[in-house]
Amino acid sequence: MGIKSTKKSITKRIRVTKRGKVLRRAMALGHARANKNTRQKKRKKAQRTLGIGLTKQLQQYL
């Protein structure tokens with residue numbers, strides 16, 4: 001069985017830190033920001049961490 005290649009779609013959406021945490025962007029901030037208040041927009045700018053279960057599933061694609 002050959003080496004699995006990295007899924008490019010996943011590497012564009014997540015980032016792995018030095019300690020192994022997986023960070024992702026918050027959803028629903030791509031467009032239509034006029035209908036959201038300032039508090040929502042500030043909260044969505046921050047990176048979110050993925051849970052342990054999803055992190056283990058993603059390891060096989062990275």
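The values are calculated or read from the model by the stated rules, or taken from the named source; none is laboratory data. None of the values given here were measured: they were computed from a predicted structure. Heads up, the Cβs are rebuilt from the backbone with ideal geometry, glycines too, and the neighbour counts pull from every protein chain shown.
What the table below lists for this structure:
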| read-out | value |
| --- | --- |
| Considering residues of segment 29-39 that are among the basic types (K, R) and surrounded by 10 or more Cβ atoms within 10 Å (Cβ to Cβ) only, the residue nearest to Y61 (Cα to Cα) | R33 |
| Only listed residue being out of contact with any Gly (no Cβ under 6 Å at 6 or more places or on another chain), surrounded by 12 or more Cβ atoms within 10 Å (Cβ to Cβ) and small (G, A, S), chosen from A26, A46 | A26 |
| Number of the condition not met by I10 [criteria: (1) at pLDDT 85 or above; (2) touching a Lys or Arg at 6+ places or on another chain (Cβ under 9 Å); (3) surrounded by 10 or more Cβ atoms within 10 Å (Cβ to Cβ)] | (2) |
| Cβ pairs under 7 Å, 6+ apart, first in segment 50-61 and without any contact (Cβ under 8 Å) to a residue 40 or more places away in the chain, second not hydroxyl-bearing (S, T, Y) | L50/V22; L50/R24; T55/V22 |
